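K.L.:
Input: one structure, supplied below.
The values are calculated or read from the model by the stated rules, or taken from the named source; none is laboratory data. Since the structure is predicted, the reported quantities are computational estimates derived from the model, not experimental observations. We place every Cβ from the backbone using ideal geometry, glycine too, and count neighbours over all the protein chains shown. The protein model used for the area step is the full one, side chains on, heavy atoms only, and it has no ligands, DNA or RNA in it. Shrake-Rupley method; radii C 1.70, N 1.55, O 1.52, S 1.80 Å.
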Amino acid sequence: MIIINGQFQDKIDVAERALQYGDGCFTTMAFSQNKLLLWPLHLARLQNNCQRLAINFLQWQALHESALNLIAQSEHKNGVIKIIISRGKGGRGYSPLNVSESSYIVSLHTLPVHYAGWQQQGIKLGLSPVKLAIQPLLAGLKHLNRLEQVLIKQALDLTEFDDVLVCDSNDNIIEASAANVFWLHKGQWFTPMLDGCGVAGVMRRTICQMLAAQSQPVKEIHQIFTLDFAAEEMFICNALMAIVPVTTLSVPMLNQQWTFSHSKVAQLQTELNIFLQTSLS
């Protein structure tokens, strides 16, 4: 099911800049027990993304109501809501001058079935041959231009790995193909600094806040990936998969593999599940 600008429909004007130029932003969130998970954080991210991209979107209440409307129509108590905001319709050319009122699309989806298995068993990571370009003006944003991620997934599909670790053009660790990454070394949790590229995920922010509340603040760092990379535990996360342990990280061309335990990650999974259930009330 899809709602476009408040109406149940599945057609949108081809002049929308979201289609013409990827000019917009989006978020993907889970719902459980007919309630949106972490809605305030998803809303804050959409608002921040629109502000940074100078998209004049004002229909926040209607957007929220559309998401709740889709959940109410769903046959399932758990699932996925995706929200896309387009700058609007405009003539030919990149300039956003004289663009019409911005538009929004809200769609309903099922949860990826393999995430539950990943959460329990963990995953095997490779190293992506595709690197992210550095563009500070877009760093952290979940904008609609995802061609780099398409190339990353294309390369991943040719391997036997579950996912890949993705670096930027300076070889700094950034994220996984569609998730943020954390690692534990000598009792300290780390996550990449996302000031040059990458997506600042809602689950990443939630986990950082949760650990800070436990007096275990996460360090955001620039970490160049080398064969000297050291970590005892690692996990990836996003708003749909929550926390997924990484069991191994392999670079076959260098005949190198890291193996991780996941006792601390399992503890974090339990604490996060409790937090998310509490946030529903």
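K.L.:
Just going by the charge dipole of the chain, with Lys and Arg at +1 and Asp and Glu at -1 on Cβ, which of 46, 158, 250 is farthest out on the positive end?
P.N.:
So the residue furthest toward the plus end is 46.
K.L.:
Sequence gap at least 6, Cα distance under 8 Å: using those rules, report the relative contact order of the chain to the nearest whole percent.
P.N.:
Here the relative contact order equals 18 percent.
K.L.:
If one takes the longest principal axis of the Cα atoms in the chain, at what angle in degrees, from 0 to 90 and to the nearest 10, does the Cα axis of helix 147-156 lie?
P.N.:
40
K.L.:
Could I have the simple spin-label model distance between residue 146 and residue 98, label points 7 Å from Cα toward Cβ, reported in nm to one decimal?
P.N.:
It is 3.3 nm.
K.L.:
For a quick size check, give me the Cα extents of the range 61-111 along its three principal axes, largest first, whole Å.
P.N.:
The principal-axis extents, from largest down, are 43, 21, 10 Å.
K.L.:
On to the next question. So between residue 60 and residue 273, what do we pick up on full extension, going 0.36 nm a residue minus the alpha carbon distance?
P.N.:
Gain in length upon complete extension: 73.9 nm.
K.L.:
Taking H placed 1.01 Å from N in the peptide plane, check which residues at least 5 places from residue 196 or on another chain put their amide H under 5 Å from its amide H.
P.N.:
HN-HN under 5 Å from residue 196: empty list.
K.L.:
Under 5 Å between amide hydrogens, which residues at least 5 positions from residue 132 or on another chain qualify, with H placed 1.01 Å from N in the peptide plane?
P.N.:
167, 168, 169
K.L.:
Also: If the label point is 7 Å along Cα→Cβ of residue 115, which residues in the range 161-204 have backbone nitrogen under 16 Å from it?
P.N.:
163, 176-181, 201-204
K.L.:
Rg (Å, one decimal) plus Dmax (Å, integer) for the alpha carbons of the range 107-199?
P.N.:
For the range 107-199, the Cα radius of gyration and maximum Cα-Cα distance read 14.1, 43 Å.
K.L.:
Give me the dipole magnitude in Debye, nearest 20, for the chain about the Cα centre, with unit charges on the beta carbon: positive for Lys and Arg, negative for Asp and Glu.
P.N.:
Using Cβ point charges on Lys, Arg, Asp and Glu, the chain gives about 500 debye.
K.L.:
Starting from the Kirkwood Rh over alpha-carbon pairs, what translational D in µm² s⁻¹ does the range 77-137 have by Stokes-Einstein at 4 °C and 1.567 mPa s?
P.N.:
79
K.L.:
As an exercise, use a Förster radius of 51 Å and the Cβ-Cβ distance of residue 77 and residue 155 to find the FRET efficiency, rounded to the nearest 0.05.
P.N.:
It comes to 0.90.
K.L.:
Compute the orientation-averaged projected area for the range 11-63 from the convex hull of its Cα atoms and round it to one decimal in nm².
P.N.:
4.7
K.L.:
Which order do 17, 92 take by accessible area at a 1.4 Å probe, largest first?
P.N.:
Correct descending sequence by accessible area is 92, 17.
K.L.:
Over all directions, the average projected area of the alpha-carbon convex hull for the range 17-103 comes to how many nm²?
P.N.:
The Cα convex hull of the range 17-103, projected and averaged over all directions, gives 5.7 nm².
K.L.:
³J(HN,Hα) across the range 236-243 via Karplus (A = 6.51, B = -1.76, C = 1.60, θ = phi - 60°), whole Hz, x for Gly/Pro?
P.N.:
For the range 236-243, the Karplus curve yields 10, 7, 7, 5, 9, 7, 6, 9 Hz.
K.L.:
Now for a separate question. Kindly provide the Kirkwood hydrodynamic radius of the range 136-281 in Å, to one decimal, from all pairs of distinct alpha carbon atoms.
P.N.:
Kirkwood radius, the range 136-281: 16.0 Å.
K.L.:
Enter the angle in degrees (range 0 to 90, nearest 10) between the Cα long axis of helix 39-52 and the first principal axis of the Cα atoms of the chain, meaning the one along which they spread out most.
P.N.:
Orientation of helix 39-52: about 70 degrees from the principal axis.
K.L.:
Quantify, in whole percent, the carbon and sulfur part of the accessible surface of the range 193-281 (1.4 Å probe; protein heavy atoms only).
P.N.:
The computed percentage sits at 55.
K.L.:
Sum -39500 (n - 2.57) across every DSSP H segment of at least 4 residues in the chain, then divide by the residue count to get the 222 nm mean residue ellipticity, nearest 500.
P.N.:
The helix contribution divided over the chain gives -8500 deg cm²/dmol.
K.L.:
Same structure again: Hey, what do the phi angles of the range 227-232 turn into as Karplus ³J(HN,Hα) couplings, whole Hz, using 6.51/-1.76/1.60 and θ = phi - 60°, x for Gly and Pro?
P.N.:
Coupling constants for the range 227-232: 5, 8, 3, 10, 7, 8 Hz.
K.L.:
Restricted to Cα positions, what overall size does the range 187-269 have along the principal axes? Three whole-Å values, descending.
P.N.:
Largest to smallest, the principal-axis extents are 39, 31, 26 Å.
K.L.:
A follow-up question, please. Mind checking the angle between helix 60-73 and the chain's longest principal axis? C-alpha axes, 0 to 90 degrees, to the nearest 10.
P.N.:
80
K.L.:
Could I ask something else about it? Could you estimate the translational diffusion coefficient of the chain from the Stokes-Einstein equation, with Rh from the Kirkwood formula over C-alpha pairs, at 20 °C and 1.002 mPa s, in whole µm²/s?
P.N.:
108
K.L.:
Ordered by residue, what ³J(HN,Hα) values in Hz, to whole numbers, does the range 104-117 give under the Karplus form 6.51 cos²θ - 1.76 cosθ + 1.60, where θ = phi - 60° and Gly and Pro are x?
P.N.:
3J(HN,Hα) across the range 104-117, in whole Hz: 9, 10, 10, 10, 10, 9, 8, 5, x, 5, 7, 5, 4, x.
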